[in-house]
Structure formats: C-alpha cells, structure tokens
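Notes to accompany the following structure.
The values are calculated or read from the model by the stated rules, or taken from the named source; none is laboratory data. Predicted, not measured: the structure shown is a model, and the values here were computed from it. When we count neighbours, we look across all protein chains shown, and the Cβ atoms used for this are built from the backbone with ideal geometry, even at glycine. Note: areas computed on protein heavy atoms with side chains; ligands, DNA, RNA excluded. Shrake-Rupley method; radii C 1.70, N 1.55, O 1.52, S 1.80 Å.
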Amino acid sequence: MTIQNIAQNHMSEPMMRVASGQRINSAADDAAGLAIVEDMTAQIRGLDQGTRNTMDMQALVSTAEGGLDTISDSLNRIRELSVQSMNGTLTDANREMIQAEISQLADGIQAAVGGVQFNGMNLLDGSGQGGLNTASGPDGTGAQVVLNDMSNLAQAITNYNVTGDFELSDIDAMIADVNAERANLGATENRLTHTANANTASSINLSDARSRIGDADIAQEMMAVNQERVITEMQILVQQQTQEQLEQESQVVAGTTGA
C-alpha cells in the first residue's frame with residue numbers, strides 16, 4: 001500500500017464527518033451513540049407530526065365554532081323577532097310576516113347543524129360525540145375532542161312559532177346551549193394551542209440534545225484533515241527524496257560498472 005493510499009484512509013473518516021456534518025455515520029463509529037440518536041430521531045419526528053395533528057384538530061374545532069357562531073346570530077335574531085311579536089300594536093298578519101323570517105332562520109340553523117363539515121365529517125350533528133383523538137403525542141395518543149350534538153336544538157327551533165302561544169325562555173335556553181358549546185370549543189382550542197407549543201419546545205430540546213451526540217465538530221474535524229494532509233505531504237516529500245537518492249546511487253553504480 002502506498003503512502004497516498006494510507007493517507008487517504010486516514011483522512012477518509014474526518015472528511016466523511018465534514019461532508020455529512022455527522023459524527024456518527026455508521027454503527028461502527030459509535031454503536032451506543034447511534035442507538036440513542038435514532039431513538040431521539042423517532043421521538044422528534046413523532047412530536048413534529050403530533051404538532052401537525054394538533055393544528056389540524058384546531059382547524060376542525062375552529063370550523064365547528066364558526067358554525068355555532070352563525071347559529072348564535074340566527075337565534076339572537078329570532079329572539080329579537082319574538083320580542084317584537086309581543087307588541088300589542090301588531091296584527092296577526094304582522095306576526096305571520098315575522099314568523100316567515102323566523103322560519104327562514106330556523107331552516108338556516110338546521111342546514112348549519114347538518115352541513116358544517118371538516119374533511120367530509122359533520123361537526124354539529126353528534127358525529128363527534130364519541131370523541132376524536134388528537135394524536136398529539138409522539139406515540140399517537142392525545143386528548144379526546146368531543147363535539148356535542150346540536151340536532152335537538154335544530155329540531156326545536158323548527159317547531160318554534162310566534163303566531164300562537166310561545167315561551168321566550170325556550171329561545172333563551174337554546175342560546176345558552178350554543179354559548180356553552182362555544183365556550184367548550186374555545187377552551188379546547190386554547191388547550192390545543194398549549195399542546196402544540198409544548199410539542200414544539202420538546203422537539204427543539206430533543207433536537208439540541210441529538211445534535212450534541214450526533215453532530216460532528218467541524219472545526220476539530222478540519223484540524224484532523226489538515227494535520228493528516230501535512231503529514232502526508234511530508235511523507236510524500238521524504239519518499240520522493242529517497243527515491244531520487246536511490247536513482248542517483250543506481251546511476252553511479254551503473255557508471256562505475258561500465259567504466
């Protein structure tokens with residue numbers, strides 16, 4: 001094996017570390033370190049996916065809350081119309097016209113309950129009552145998000161009629177139910193925000209720890225490469241000088257023999 005080959009072998013590992021930026025490029029470099037780094041990598045990728053899952057669930061909850069906001073606006077308008085219908089200056093014909101608007105609003109509420117969707121899944125008709133897994137953790141576990149059923153409310157408002165006997169407290173109870181569900185979803189959104197932030201912080205800390213174990217010290221590796229390069233150049237120079245000396249001696253011997 002020539003000096004150049006030996007030098008190349010000596011420099012190959014530092015050069016590989018410099019090129020990859022990794023201190024551990026194979027199990028032979030550090031078997032225990034490799035196992036730790038790979039385990040951390042799995043945890044980091046799980047946390048990052050958990051963060052994305054949490055943000056997806058946040059979008060779902062926000063969509064549901066937006067649907068409830070629309071329903072709340074409609075219920076408040078129905079209550080306003082109901083109070084108007086109590087005015088003694090109105091005729092039955094006037095109340096019929098008020099009821100016509102209420103019926104349209106009730107149809108809109110029913111459509112919202114059955115039509116607010118996320119990724120093709122209904123959000124307000126009880127489909128999520130069994131709980132939706134956030135999968136925010138690196139192992140796929142996470143908080144269960146529960147979406148309460150608004151179907152009964154949608155049915156009740158359809159039967160609401162101000163042209164006959166009615167109770168304003170019925171509308172008040174519906175508004176309270178919607179407000180309670182919106183508060184629940186708002187609290188859920190806040191919890192998911194904290195979960196995503198915690199995942200991000202954990203991922204950053206684990207990434208730092210992994211870097212300390214697996215990343216190469218580029219300055220140190222470059223020093224090793226340069227050191228090997230200087231030694232190699234000196235060895236090559238010595239080899240060349242030795243070779244030249246041997247050639248000169250050989251020529252002298254040949255000249256003496258010829259004489």
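Observations on the structure shown:
- Residue among THR89, THR134 that is without any contact (Cβ under 8 Å) to a residue 12 or more places away in the chain, hydroxyl-bearing (Ser, Thr, Tyr) and over 23 Å from ASP177 (Cα atoms): THR89
- Scope region 24-42; condition modelled with pLDDT of 75 or more, crowded, with 17+ Cβ neighbours inside 10 Å and not β-branched (Val, Ile, Thr); matching residues: MET40
Each row is one residue, and each column tells you yes or no for (1) in contact with a Lys or Arg (Cβ under 7 Å, 6 or more places away or on another chain); (2) open to solvent by 40 Å² or more (accessible area, probe 1.4 Å); (3) assigned to a loop (DSSP other than H, G, I, E, B).
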| site | (1), (2), (3) |
| --- | --- |
| LEU124 | no, no, yes |
| SER127 | no, yes, yes |
| ASP139 | no, yes, yes |
| GLN155 | no, yes, no |
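- For MET55, the criteria (1) assigned to a loop (DSSP other than H, G, I, E, B); (2) in contact with a helix residue (DSSP H, G or I) (Cβ under 9 Å, 6 or more places away or on another chain); (3) open to solvent by 20 Å² or more (accessible area, probe 1.4 Å); (4) of a type outside the set (Phe, Trp, Tyr) hold in every case but one, which is (1).
- Scanning region 38-77 for residues that are within 21 Å of ASP165 (Cα to Cα) and either over 41 Å from the mean Cα position of the chain (by Cα) or of a type in the set (D, E, K, R) (or both) turns up just one, ARG77.
- Tabulated pairs, region 179-193, first closer than 18 Å to ASP149 by Cα and of a type in the set (D, E, K, R), second at pLDDT below 95 and surrounded by 13 or more Cβ atoms within 10 Å (Cβ to Cβ), C-beta under 6 angstrom, 6+ apart or interchain: GLU181/ASN148
- Test: residue in region 86-105 that is of a type in the set (Lys, Arg), more than 17 Å from SER72 (Cβ to Cβ) and at pLDDT 95 or above: yes
- Selected residue (only one of ILE236, ILE171, ILE231 is within 30 Å of GLY88 (Cα to Cα), β-branched (Val, Ile, Thr) and either modelled with pLDDT under 95 or part of a helix (DSSP H, G or I) (or both)): ILE171
- Some residue of region 103-112 being touching a residue at least 24 places away in the same chain (Cβ under 8 Å), in a loop (DSSP other than H, G, I, E, B) and open to solvent by less than 70 Å² (accessible area, probe 1.4 Å): no
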